[in-house]
1. Can you find a residue that is more than 9 Å from chain A (Cβ to nearest Cβ), surrounded by 20 or more Cβ atoms within 10 Å (Cβ to Cβ), closer than 24 Å to A:SER22 by Cβ and at pLDDT 85 or above anywhere in the stretch B:181-199?
2. Tell me, please, whether a residue that is modelled with pLDDT of 90 or more and in a loop (DSSP other than H, G, I, E, B) can be found in the stretch A:131-140.
3. Restricting the stretch A:389-413 to residues that are more than 14 Å from chain B (Cβ to nearest Cβ) and among the basic types (Lys, Arg), which is surrounded by the most Cβ atoms within 10 Å (Cβ to Cβ)?
4. Scan the stretch B:102-127 residue by residue and report those that are touching a helix residue (DSSP H, G or I) at 6+ places or on another chain (Cβ under 8 Å) and of a type in the set (S, T, N, Q).
5. Filter the stretch A:24-44 for residues that are more than 11 Å from chain B (Cβ to nearest Cβ) and among the hydrophobic types (A, V, I, L, M, F, W, C) and give the result.
6. Any idea how many residues of the stretch B:277-290 are at the interface with another protein chain (Cβ under 10 Å from one of its Cβ atoms), in contact with a strand residue (DSSP E or B) (Cβ under 7 Å, 6 or more places away or on another chain) and either assigned to a strand (DSSP E or B) or not aliphatic (A, V, I, L, M) (or both)?
7. Would you kindly identify the helices (runs of 4 or more DSSP H) lying entirely within the stretch B:66-150 that contain at least 3 residues that are surrounded by fewer than 20 Cβ atoms within 10 Å (Cβ to Cβ)?
8. What number goes with the only condition from (1) more than 10 Å from chain B (Cβ to nearest Cβ); (2) at pLDDT 50 or above; (3) part of a helix (DSSP H, G or I) that A:GLN86 does not pass?
Amino acid sequence: MTNLVTVLPDFDVKPYTHILPSLEKALISTADLLSLHAVDVAKRAQIPPGEVTKLSNALLQSLHSGIIGTNSTPIELNNAGDAADQSELKYPSTKQHRSISTLDERLDSALGGGIRPGYLTEIVGESAAGKTQFLLTLLLSVQLSPPQGLGKSALYISTEAPLQTIRLAQILNTHPGLCTLSQQERPSLSRIQSTHIHDVEAQEHILRYQVPVALEKQNVGLLVIDSIAANYRAEFDRSKARKGAESFAKRSNQMTQLGALLRDIARTYGVAVVVANQVADRFTTIDPFSHAYRMSQSTQRSRPDSPPQARGVRSEALSQDVPLGTPSLAQMLSTDDPLALDHQQRFFTGWGDAPEAVDFKTPSLGLTWTNQLATRIALLKQPIYEDRAYHPGEDRSIAGWNRTAKIVFSAWCAEKKIRFGIWEGGIRTHGEPEDPGGGTT
Amino acid sequence: MAVPPVIDLTSSRPAQARHNTSSHRLPTVSASEALQELQDGNLRSVSTGLTSLDGLLSGTGDTSSGGLERGKITELWGPAGVGKTAIAIQSAVNALKEGSTVLWVDCATALSDQRIQESITRHGSKDSHSASDGLLGEFKHVTAATLSHLLAIVLHPPPNLIPSGTGLLVVDDLNVLMDLDYPRYQFAVSSKTEQQKWQASRRYAVLGSLVSGLNKLAVINGLAVVVTTGCSTRMRPDSGLGAALVPGVGGVEWDGGVWNRLVVFRDFSGRFVGVQKCQGRSLISREEVGEIGRVVGLEVANDGTLHERQASRPADGATTQVKPRASPVKPRKRVFDEVADSESEDVDEYGWAETDEDAIAAEGLIEDAQAATASTEPD
């Protein structure tokens, strides 16, 4: 069966080895077996229906006992006979509500304590936005005993630059929350394992087979992948020669599999999986806020398959549909195409959720990857230009950066944004967390 | 002589059958009995916590008894972080408050225990602590690691997983699980074997089985089902607009089995819920991708709950009053008969649009009437 190994790794296949190859050849998956009648499966794979039924029942038995109950009282699924299965709750639940601190009080409070284990979290931003600084801090803080950390070690997987050990040492020696600790409590570089992955095939193998072993042996609490997009970049460039649709389909499937693998790791071993992601520029059409532009476009903007006066008709139709005394839609919605990808992207990428925003970035790997995440933290930066007289044609010189950390969406905390800066001790926030949307970032 | 006892053949025993907790027998209820109980209207819909939305879902505008209808499936879709899970949590707490049990199935991201605990505590703040704990005990939370696990729950439910008195079943983030086993985008391989073609068709067939299984669970147990899913994109080449978001799971079989479909989306002024399908009828046309249907505005309170946006509330001073504008994407080349007369002409100013249409219609009528009178004249 095509995916039996991933669905039920511990399933005993010995009694069924005579029918599995036929099922494999007929491309029948575990889900097919459960949703089709035994007779149909038997006809497809040309095996006796009785055997199919036996296999289905055995599968169901295993699946039922594998359904994880995350309540304090284990769900009694089987009858009294299967007490052995019930007592082992294989998967540690996330209910302890422990977090990995970011070593900054305000950022921790915005995150509801810090980064949570058991979830897949993404830190996304341009180059030199502060992603690596953030991750290095987490590599140290996970080693602290609760409530600040988990008292466990960390595993760092790099795909571009190797682990910056000098910077780690600097943070360790400068941050007031770390350098004042005693020798026993202090995090150490020796509790950070690191490895480098060069390409996608190696990544698949390492993540699926070697990382789980390392997580258990080293009592790891944090898995960092810096960055997740780098290995796929080369892939996408190479595949330009092939048809666009096919490579898009393949990439989409890779993202789904990768997301599932990382979520599985997070849930099974109770670790926080934090990945860094890069961004690409996002272009939208010119700003349509100018009145002159809107006037000139008024007769052309309508969809070709509706009459030219569609714009007027459409907004009327919208307001007619609004029931129960809610204000006219025209006042609430800013566009007549609210489900356009371009528009909605403003709110789940991290860039563009203020109407005046102009500089849009998009996290790499697309919408499919975004669907895999539990939490996305975007690190935005805007240049501060020197305020002086410039010669005509001279580029403005950059005096510094306005950095903002934005919790774009999260499974465990509210959306917030907060200004921060980078110093020797890592990341330091300025000002209190605000609600996002509004302002120019 | 003793009168033989009358054997009452018509006595239905749905209650007894369902409360049969013997572990040897599966508690069964005949489908007709279950349907009868549903139609008797004894079971209330589960409120979403949003009054107008409840009213829209009831189909009659009745806000007090509307909401997530029992025996039916409601689909909630939208992009990440928009509030689908939040609405599902609110509905779950409402179901718990009414004394029902809730079964929550995670498909991708685990529901944070703290989140559900805080929601329950918030609602029961007037009651004692033990009441909140009691409610929490009625909240059953499981994780389906793969689609096979979910199918095992839905198509072959273990006997004690859905006890009687369950009011709500939530399946959170279904599309992620579907995409793993049956990718949404298939390779366009030119020469496919028969098996590969069959396998490519399985996604929609399995979705059909899943929706049938969920409907069956809903009717037999008298509970409401909420399925949340993320989104995918679809190009709109015909209308010349860019890509739009569409639900992550679809297909004829799935769409046919869903009773209500709600889209949750965002805008600068806040979040919205659009009712795209309600009471089994679609409120948007099938071809229209990007239509939102009837809309309710939402706002997020400080404690994370979603409330309906009040009509009387003026726009926040912080957010600028954004004037509605059409999508900035330029449409494709116009068909020949739609060239604008002049660049500076503002159609709305003169109201020619409406009067033109009326005039054309009126002319048609007049012509028809004339033809009719002409034909009937020579009598």
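The values are calculated or read from the model by the stated rules, or taken from the named source; none is laboratory data. Source: prediction; values computed, not measured. Cβ: placed from backbone, ideal geometry, glycine included. Neighbour counts: every protein chain shown.
1. Looking for residues that are more than 9 Å from chain A (Cβ to nearest Cβ), surrounded by 20 or more Cβ atoms within 10 Å (Cβ to Cβ), closer than 24 Å to A:SER22 by Cβ and at pLDDT 85 or above, one finds none in the stretch B:181-199, hence no.
2. There is no residue in the stretch A:131-140 that is modelled with pLDDT of 90 or more and in a loop (DSSP other than H, G, I, E, B).
3. Looking only at the stretch A:389-413, we keep the residues that are more than 14 Å from chain B (Cβ to nearest Cβ), and these are A:389-405.
Applying the additional criterion that residues be among the basic types (Lys, Arg) yields A:396, A:403.
Values: A:ARG396: 12, A:ARG403: 21.
Across the stretch A:389-413, the extreme among qualifying residues is A:ARG403.
4. B:THR109, B:GLN117, B:SER119, B:THR121, listed by residue number.
5. Answer for the stretch A:24-44, where residues must be more than 11 Å from chain B (Cβ to nearest Cβ) and among the hydrophobic types (A, V, I, L, M, F, W, C): A:ALA38, A:VAL39, A:VAL41, A:ALA42.
6. The qualifying residues number 1.
7. Those helices (runs of 4 or more DSSP H) span B:113-123, B:129-137.
8. (2)
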